[in-house]
1. Can you tell me the order of A:98-108, A:407-417 when each peptide is scored by its average per-residue count of other Cβ atoms within 10 angstrom, highest first?
2. Tell me, in nm to one decimal, what length is gained between A:HIS411 and A:ALA717 on full extension, where the rule is 0.36 nm per residue of separation less the Cα-Cα distance?
3. Between the alpha-carbon centers of segment A:253-273 and segment A:140-183, tell me the distance in whole angstrom.
4. What distance in nm separates the simple spin-label points at A:LYS548 and A:GLU432, each placed 7 Å from Cα in the Cβ direction?
5. Under the classification rounded if a/c is under 1.5, otherwise prolate if a/b is larger than b/c and oblate if not, where does segment A:368-437 fall, given a ≥ b ≥ c as square roots of the Cα gyration tensor eigenvalues?
6. First select every other residue whose beta carbon is under 12 angstrom from the beta carbon of A:PRO204; then total the charges, Lys and Arg +1, Asp and Glu -1.
7. What is the dipole size for segment A:145-234, taken about its Cα centre, with +1 at each Lys and Arg Cβ and -1 at each Asp and Glu Cβ, in debye to the nearest 20?
8. Within a 10 angstrom radius of each residue's Cβ in B:167-176, how many Cβ atoms of other chains show up on average? Whole number is fine.
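Please treat every number below as a calculation from the coordinates, not as lab data. Here the structure is a predicted model, which means the values were calculated and not measured. Please note: Cβ atoms are built from the backbone with ideal geometry, for glycine as well, and neighbour counts cover all protein chains shown.
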Amino acid sequence: MALFVVFQTTFFLTLLSLRTYQSEVLAERLPLTPVSLKVSTNSIHQSLHLQWTVHNLPYHQELKMVFQIQISRIETSNVVWVGNYSTTVKWNQVLHWSWESELPLECATHFVRMKSVMDDASFPEPNFWSNWSSWEEVSVQDSLGRGILFVFPKDKLVEEGSNVTICYVSRNIQNNVSCYLEGKQIHGEQLDPHVTAFNLNSVPFIRNRGTNIYCEASQGNVSKGIEGIVLFVSKVLEEPKDFSCETQDFKTLHCTWDPGTDTALGWSKQPSQSYTLFESFSGEKKLCTHKNWCNWQITQDSQETYNFTLIAENYLRKRSVNILFNLTHRVYLMNPFSVNFENVNATNAIMTWKVHSMRNNFTYLCQIELHGEGKMMQYDVSIKVNGEYFLSELEPATEYMARVRCADASHFWKWSEWSGQNFTTLEAAPSEAPDVWRSVNSEPGNHTVTLFWKPLSKLHANGKILFYNVVVENLDKPSRSELRSIPAPANSTKLILDRCSYQICVTANNSVGASPASIIVISVDPENKEVEEERIAGTDGRFSLSWKPQPGDIIGYVVDWCDHPQDVLQWKNVGPNTTSTVISTDAFRPGVRYDFRIYGLSTKRIACLLEKKTGYSQELAPSDNPHVLVDMLTSHSFTLSWKDYSTESQPGFIQGYHVYLKSKARQCHPRFQKAVLSDGSECCKYKIDNPEEKALIVDNLKPESSYEFFVTPFTSAGEGPNATFTKVTTPDEHSSMLIHILLPMVFCVLLIMIVCYLKSQWIKETCYPDIPDPYKSSILSLIKFKENPHLTIMNVSDCIPDAIEVVSKPEGTKIQILGTRKSLTETELTKPNYLYLLPTEKNHSGPGPCICFENFTYNQAASDSGFCGHVPVSPKAPPSMLGLMTSPENVLKALEKNYMNSLGEVPAGETSLNYVSQLASPMSGDKDSLPTNPVEPPHCSEYKMQMAVPLRLALPRPTENSSLSSITLLDPGEHYR
Amino acid sequence: LPPPAHLCLLTLLLPPLSSAAPISLAESISQAYSLALYMQKNTSVLLQTYLQYQGSPFSDPGFSAPELQLSSLPPATAFFKTWRTLDDGERLSLAQGAFLALTQHLQLVRDDQSDLNPGSPILLAQLGTARLRAQGLLGNMAAIMTALGLPMPPEEDTLGLVTFGASAFERKCLGYVVTREYGHWTDRAVRDLALLKAKYPA
């Protein structure tokens, strides 16, 4: 037993000692220093990666340890970061830890060291920090390679608004390096002679292709090199907005959201953010392929509640939104279908539709919208699968559009889309009588009534009006009423009625029926009443009319007028208690006169003309000036008149006329006023206030003065157009007197002449009685009585009273002997020709330049030999002039005419001849021939004395031609064949 | 078909047949020269378009960084005397080597830009066209060398040396150097071919 006790004691002691030993061993080794510290760099993430081990750890034991890490930059004393890292450590475990550097690692040498401490509950306190490990140096600069300038970090991805440190390493400190961010110079902090760092705070997003930062090394002005980086600045990822899910069929959940800004960057640096849908109850996850919606398949019918998380993610950030909902509360119905209308009539219809069935015993709330006639009505109805609604109070013959949408009635989430259909109600009989008016033209024996009606409004027509029925009924004589149907677009008809009273009923008819009748009665004498026309003035294209209330039973008033220029009768109905109205249409035009007639309608439907009004909606100035006539022009006055000017057909009421008068005198005449014309000239103006006074006497004028006048009418809107003045000159004062004297004188002379004409016989007898015929004279009887047989009465025809020698002109001379019917023209003569009117014996006496008259008055011999004996009367006589002149009287007459009465009258009864003229002019009047005659014969009119002068001496020698010509001339047979 | 129509069809068919036949040296030189001249007109547009899309400092007015060079791309600049004393074969093979490198580099730049500037079809199209023209000029030069009886230089992968981990800025710089050198080499090719043209007149 003692042995057992001893053994037991020994065992315990041994155990205790072992425990003690163990503790001592651990205590000796502690603190456990980290060993084999290796530091590597990750250029992309700009991080230091540390790995180390802890030696002497108990085998198969996990101990919790804390490592304190120190990081220095450039030199070990410059500690930039100190931190603890706690972890459980196993035997022989390699530990890893990373540290991200703000400053690009390439720009500075980093130093890392660490120490550790046991932080395990299984070890009693106190614990001691181990010693620091040795500094581990990390330098990337050596691996940069050749080059004079380097900028870091390359292609870094940062979020908008974050802070970034960049740096450059310049191999040659002689170089001057300047750095720019998007063209703007930035200033940094020099870390060592080769390295400068720039802290960029809150970097902005410029573009998704990145922000260029570059540095330029230069010596003086010589660029040595350029180096840069692209900093990819991403927009901050936004939380998805308006995230919601709904189902249309309990099979698929359709989730939508607003994704916000796209954070994709160029150069594949960052793609667009991804969206993931996670449902927490089922634990299922789905990566969404679209950026704003995702469909989730409902797999379990039993799942009623869903908890969705939408996760948006990019390289820099993750954002999520969450919704929790009951599936039945998120029912978005499909739009209703089979929308139809049944039992459509004029005023109501039944609308039916169907809803896609969701689950049994589902109740739907539906909303109906009815659009028609510019109005909208809304109705709500609760239905099961099949919907039906009774649409009432519809307008006939109207197209309606009805549409319906539905929602879950028990848990309203949202309305479905609309489903609609159009329908048209049927026609109904027109509901109102057409508005009818008439115009009556009375003619002897009958009157022509033109009926007008206005088309019914759509509201009252209740369909398409097809025709109008006009029923004419004679009220005085029982006769059959006459029916006329007028096809629809017409709005008037003409009736010729005799002088009886007629009742006219007009109805509008559509396919269903007729409207109530509009009744008008035409009395026997419809418009005989003389009513004075009153002038009114329109304002702003409207007329205000008022009239005296009519005693007696009046059921209303009608105002009618004509539209211009269409000349369409217009009318307006006015209630019986109203005595004024305003007529206003767009058709009223300025300058057009409108005549309004106001009728009262009696209970018997007879229209009675009450008043007439006329006026202009806007008066205009006259468009033309009158044509003015000037009358009664005297030296002191004249009268202007323009009687033809019509005052009615003017674009305004003519109020009068302005007469403008211009004269040289400065002073205006009495009644005239001075006025200045538009062209600045002064004149006198006279105003006539009466439009019917169309004449003006302008007096007090000066004789022999010129006046200018111009007459223009005026309305309230002004005068007529400018026109030119007309000139009037007053005559001389004496000239009028002269006229006073001259006219009677002319009259007297005329009177005398007429008297003379009438009494010509008497005058003749008185002043120059007929020469008595000797044969018929009483003397004859007396002679016979004395019986003297030798004594005869000389016959004038037997005598050749004289011989005239006419000396013809040279060649080309025309010799005209104007007889009663003959003229002789001798153009062939080249030598002077002479016409001799001689006794035939001297036929061939030479021609001479003179016309010689032998004055037989003084030729005693001839006188003695007897006058008659000198004249060849024998038939042998050559056909000289005698042949031309049928009788000696003719010769005489010809001579009388051509030779200035050279022979004068030869009174047959006188024995002695009176030779009146002693002169004779050359016969030839043709001067053309004169220059052709080289030897112009001296002009000579010779009075032949009684001396016998041989003619040949005085005359040029005749040539053969001349003699021939003479012969020719004297031979009428040659010339007048 | 009436006989004239037959003739027309024949004439339409003839040119492809004739083009297949070997063309003369002068013709080859003339074709290459025309192409080089045409390329020369568009090189500055390509460079400007490229720079415009790269941001500052590239898009800054008057940007120029002659110190930027690519080891994988032979420089176009040369001393005149050296260049002038080169024989035809040397001159042509230098140009060929450069345009071979340029076609590869232009493809690289286009790839980079389609990644960085996907929304810039104009730049991408211009880069693609420039590459095709460079290839066309290479073909023309090969024809000349064949006509001259010169040995063809071996095709080598000049871009094998390009590091794919280049940063965005480095790639922008590379694109700049490539488009710039493309212009310089085109200018030089025009001079090369002008010299040849004078030497081998038509």
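1. The most tightly packed comes first, giving A:98-108, A:407-417.
2. Values: separation 306, 0.36 × 306 = 110.16 nm, distance 7.56 nm.
Full-extension gain reported as 102.6 nm.
3. 31
4. That separation, rounded to one decimal, is 3.3 nm.
5. prolate
6. Surrounding charge for A:PRO204 is 0.
7. Working: 8 positive and 8 negative charges, 56 e Å.
Its charge dipole is roughly 260 debye.
8. Averaged over the peptide's residues, the number is 6.
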